[in-house]
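J.: Have a look at the structure that comes next, please.
The values are calculated or read from the model by the stated rules, or taken from the named source; none is laboratory data. A quick note: this is a predicted structure, and the numbers were derived from the prediction, not measured. Glycine gets a Cβ as well: all are built from the backbone with ideal geometry, and neighbour counts include every protein chain shown. These accessible areas exclude ligands, DNA and RNA; they are computed on the full protein's heavy atoms, side chains included. Shrake-Rupley method; radii C 1.70, N 1.55, O 1.52, S 1.80 Å.
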Amino acid sequence: MKEARTTGHISRGPRSGLHKAVLAALWACVLLLTGCAAGPPGQRVGHGPAGPPGTTAPGPTDHYRQKLRWTPCAEQPSFQCTTLRAPLDYARPEAGDIRLAASRRKATGTGARHIGSLLFNPGGPGEPAITSLWSYAGAFSQAVRASYDLVAVDPRGVGSSTPVICGDDTAGTPATVRGLPGSDGPDEGGPDEGGPDEGGPDEGGPDFAAADEAARETAAACERGAGRLLRHVGTLDSARDLELVRTLLGDERLHYLGFSYGSYLGASYAGLFPSRVGRMVLDGAVDPTLDGVHSLLGQARGYQIAWDSFAADCAARPACPVGHSAEEAGAALDALVGALDRAPLRRGKDVVVDGDSLISAVTTALLAPAWEKLRAALREVRTGDTTTVQELGGAFEDSGFSGDAYVAITCLSGSLGARATPAQARAALPGFLRASPRFGRYFADQLSTCAHWPVPADQPAGPITAPGAPPILVVGTTRDPATPYTEARALARLLSSGRLLTYDGDGHTAYLRSVGCVDEAVDGYLVRGQSPPAGTVCT
């Protein structure tokens, strides 16, 4: 029986606490032509056919002539591991190298059954791809394992590749996503404009001045600790790394599976190298055109929708710990959060469970989705038992996730990095609370992470079209809290060859979660090259 993928791979989520920043939604449940040895063809890069002025792919260098030496991985002997050199700066490949770590499991099929390599990215950013592949390789069907070498590369700045290390003082800094609210205020339909200049907290609300100061401290620490690496860990450079790896693997085209942030990485690759795209699956898709305020608003709404779906299911159960209607459930959660904020529960010397800890547990469970565990957590915490809350809230801590890399990669993207001032963030708060009474303030609290970042973003928000690419399969889940379904629909429309597969369900991402219809459709695309019929909806 195929093992279900029970952890999500996500790109963003609410920050739990103004200074400690438990990144709950960063781990939920928790990817040749023979002449290519001379290097990839020169192409303009960017979001569309032309890309930003003056940006071209690098010419031939010795990086593309490396020989990969695969040996059994010390921790997972059934997999092979290798390292390779990549240019720190693709525009100046002579300026120095970084290390990329890769792992693979060879295909079980040979001859005509063997299609090539399937590069896997689990999301993040900041999540190692190698250890994720080790964990979830067994979830792939026999047909996929026969057809592909499963390959994972830890992105630059992450895991066993050359890491971004900012220092111990950044371990709990706030993480943010996407863009910056404009100084003239958001578009119609966004948060309210206006508001006082000071960034102090409302009663029970975010302290935007404190979040801004934390962002300033993080930026300074990363500039000291990571230096010139900070300019070269963005998504575009990671996409160029995928092209380097494709070349060294000897594959004519890049076959790719990316979840959540991994969908953004894959789409970025398609925008840079549309003629090199093979069979590409983008699950839990990110809309690259959204600015920060609207993407965060979408997530706030997404988590509210996910909570309401859980609450409706819970209300139909006799032993629901938060009442028997969505209204009762919301009020009960608010009351529990408030009670824990007023009187946190202490467990041992170092464990303090407060309202933010509970929100962290809730968002993690909504992502999985792990509704039975969420009911248990809510039931237990009412009696002072924090066992399941701690289990859910700390789920990502053993994943190898790097908060330093998360912020560094995020802040290089106009679609991922938010740069709001305290006044802008405070002005946006009412709109966030309207979008999500339960979670709005946590998303509004993410608006300043990149406000003081020492290097500018190198990838503006904007459409990715990948003209001329073969069909690209985009997978969207209707009640996905972290990457709302509207974003999957948008990306499928933006891509010139986008094909949308819909899962009418809950949780973050859909493939490899034992949803038979989704798995069969994606497997058919990967193995036989057959896109599902237009309008396919799985339940």
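J.: So for the stretch 110-117 (the condition being open to solvent by less than 20 Å² (accessible area, probe 1.4 Å), in contact with a strand residue (DSSP E or B) (Cβ under 8 Å, 6 or more places away or on another chain) and assigned to a helix (DSSP H, G or I)), does at least one residue qualify? Break it down into steps so the answer makes sense when it comes.
T.: At the first step, the residues of the stretch 110-117 found to be open to solvent by less than 20 Å² (accessible area, probe 1.4 Å) are 116-117.
Those still in the list that are in contact with a strand residue (DSSP E or B) (Cβ under 8 Å, 6 or more places away or on another chain) too: 116-117.
Of the ones still in play, those that are also assigned to a helix (DSSP H, G or I) are none.
Within the stretch 110-117 (the criterion being open to solvent by less than 20 Å² (accessible area, probe 1.4 Å), in contact with a strand residue (DSSP E or B) (Cβ under 8 Å, 6 or more places away or on another chain) and assigned to a helix (DSSP H, G or I)), the answer is no, since none of the residues qualifies.
J.: Next question. In this structure, is D385 among the charged types (D, E, K, R) and within 25 Å of A285 (Cβ to Cβ)?
T.: no
J.: A further question on this structure: Since A405 meets every condition but one in (1) closer than 30 Å to D458 by Cα; (2) surrounded by 24 or more Cβ atoms within 10 Å (Cβ to Cβ); (3) in contact with a Phe, Trp or Tyr (Cβ under 9 Å, 6 or more places away or on another chain); (4) not β-branched (V, I, T), which condition does it not meet?
T.: (3)
J.: Oh, and also: Which residues, taken from the stretch 249-260, are outside any loop (DSSP other than H, G, I, E, B) and either open to solvent by 10 Å² or more (accessible area, probe 1.4 Å) or in contact with a helix residue (DSSP H, G or I) (Cβ under 7 Å, 6 or more places away or on another chain) (or both)? Show your work before the answer.
T.: Restricting attention to the stretch 249-260, the residues satisfying the condition of being outside any loop (DSSP other than H, G, I, E, B) are 249, 254-259.
Answer for the stretch 249-260, where residues must be outside any loop (DSSP other than H, G, I, E, B) and either open to solvent by 10 Å² or more (accessible area, probe 1.4 Å) or in contact with a helix residue (DSSP H, G or I) (Cβ under 7 Å, 6 or more places away or on another chain) (or both): L249, L254, H255, Y256, G258.
J.: Any idea which of (1) modelled with pLDDT under 95; (2) buried (at least 23 other Cβ atoms within 10 Å of the Cβ); (3) farther than 29 Å from P422 by Cβ is the one V351 doesn't satisfy?
T.: Unmet condition: (2).
J.: How many of the residues in the stretch 478-500 are under 19 Å from Q530 (Cα atoms) and of a type in the set (A, V, I, L, M, F, W, C)?
T.: Going through the stretch 478-500 one residue at a time, the tally reaches 3.
J.: Restricting to the stretch 474-486, what's the tally of residues that are surrounded by fewer than 23 Cβ atoms within 10 Å (Cβ to Cβ) and either of a type outside the set (S, T, Y) or closer than 25 Å to L374 by Cα (or both)?
T.: Qualifying residue count for the region: 3.
J.: Assess whether Y264 counts as being in a helix (DSSP H, G or I), farther than 22 Å from G529 by Cβ, aromatic (F, W, Y) and open to solvent by less than 10 Å² (accessible area, probe 1.4 Å).
T.: When the stated conditions are applied, Y264 passes them.
J.: While we're looking at this one, here's another question. Working only within the stretch 131-146, note down all residues that are open to solvent by less than 10 Å² (accessible area, probe 1.4 Å) and either within 20 Å of L249 (Cβ to Cβ) or in contact with a helix residue (DSSP H, G or I) (Cβ under 6 Å, 6 or more places away or on another chain) (or both).
T.: Selection gives S132, L133, A137, F140, V144, A146.
J.: What number of residues within the stretch 525-539 are loosely packed, with under 12 Cβ neighbours inside 10 Å and among the aliphatic types (A, V, I, L, M)?
T.: 1
J.: Taking the stretch 337-360 on its own, how many of its residues are under 17 Å from S436 (Cβ atoms) and among the aliphatic types (A, V, I, L, M)?
T.: Residues meeting the conditions: 3.
J.: Ok, one more. What number of residues in the stretch 487-515 are in a helix (DSSP H, G or I) and open to solvent by 40 Å² or more (accessible area, probe 1.4 Å)?
T.: Final tally of qualifying residues: 3.
J.: Any idea which residue in the stretch 85-99 is nearest to L236 (Cα to Cα), counting only those that are open to solvent by 80 Å² or more (accessible area, probe 1.4 Å) and out of contact with any strand residue (DSSP E or B) (no Cβ under 6 Å at 6 or more places or on another chain)? Before you say what the answer is, go through the steps one by one.
T.: Residues of the stretch 85-99 that are open to solvent by 80 Å² or more (accessible area, probe 1.4 Å), as a first pass: 85, 91-92, 94, 99.
Right, trim to out of contact with any strand residue (DSSP E or B) (no Cβ under 6 Å at 6 or more places or on another chain) and you get 91-92, 94.
Details: A91: 12, R92: 15, E94: 19 Å.
Here the residue is A91.
J.: Within the stretch 59-80, is even one residue out of contact with any helix residue (DSSP H, G or I) (no Cβ under 9 Å at 6 or more places or on another chain), part of a strand (DSSP E or B), modelled with pLDDT of 95 or more and surrounded by 15 or more Cβ atoms within 10 Å (Cβ to Cβ)?
T.: So far as the stretch 59-80 goes, yes, one or more of its residues are out of contact with any helix residue (DSSP H, G or I) (no Cβ under 9 Å at 6 or more places or on another chain), part of a strand (DSSP E or B), modelled with pLDDT of 95 or more and surrounded by 15 or more Cβ atoms within 10 Å (Cβ to Cβ).
J.: Can you pull out the residues in the stretch 317-348 that are hydrophobic (A, V, I, L, M, F, W, C), part of a loop (DSSP other than H, G, I, E, B) and surrounded by fewer than 19 Cβ atoms within 10 Å (Cβ to Cβ)?
T.: A319, A343
Each row is one residue, and each column tells you yes or no for (1) in contact with an Asp or Glu (Cβ under 7 Å, 6 or more places away or on another chain); (2) among the aliphatic types (A, V, I, L, M); (3) at pLDDT below 95.
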position: V277; (1), (2), (3): no, yes, no
position: A285; (1), (2), (3): yes, yes, no
position: D291; (1), (2), (3): no, no, yes
position: A300; (1), (2), (3): no, yes, yes
position: P318; (1), (2), (3): no, no, yes
position: P321; (1), (2), (3): no, no, no
position: S325; (1), (2), (3): no, no, yes
position: A332; (1), (2), (3): no, yes, no
position: V337; (1), (2), (3): no, yes, no
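J.: Would the stretch 182-198 turn up any residue that is farther than 20 Å from D149 by Cβ, crowded, with 20+ Cβ neighbours inside 10 Å and modelled with pLDDT under 95?
T.: Yes: the stretch 182-198 contains one or more residues that are farther than 20 Å from D149 by Cβ, crowded, with 20+ Cβ neighbours inside 10 Å and modelled with pLDDT under 95.
J.: For the stretch 472-521, what are the residues that are of a type in the set (G, A, S), under 16 Å from the mean Cα position of the chain (by Cα) and under 20 Å from S415 (Cα atoms)?
T.: Initial filter on the stretch 472-521 (of a type in the set (G, A, S)): 476, 482, 488, 490, 492, 496-498, 505, 507, 510, 514, 516, 521.
Then keep just the ones that are under 16 Å from the mean Cα position of the chain (by Cα); that gives 476, 482, 488, 507, 510.
Answer for the stretch 472-521, where residues must be of a type in the set (G, A, S), under 16 Å from the mean Cα position of the chain (by Cα) and under 20 Å from S415 (Cα atoms): G476, A482, A488.
J.: While we're here: State all residues of the stretch 415-468 that are outside any helix (DSSP H, G or I), among the hydrophobic types (A, V, I, L, M, F, W, C) and open to solvent by less than 10 Å² (accessible area, probe 1.4 Å); if no residue qualifies, say none.
T.: Scanning the stretch 415-468 gives L416, A418, A420, F439, L447, C450, I464, A466.
J.: Considering every residue within the stretch 272-284, establish whether at least one is of a type in the set (V, I, T), open to solvent by less than 10 Å² (accessible area, probe 1.4 Å) and more than 16 Å from V475 (Cβ to Cβ).
T.: Checked the stretch 272-284: at least one residue is of a type in the set (V, I, T), open to solvent by less than 10 Å² (accessible area, probe 1.4 Å) and more than 16 Å from V475 (Cβ to Cβ).
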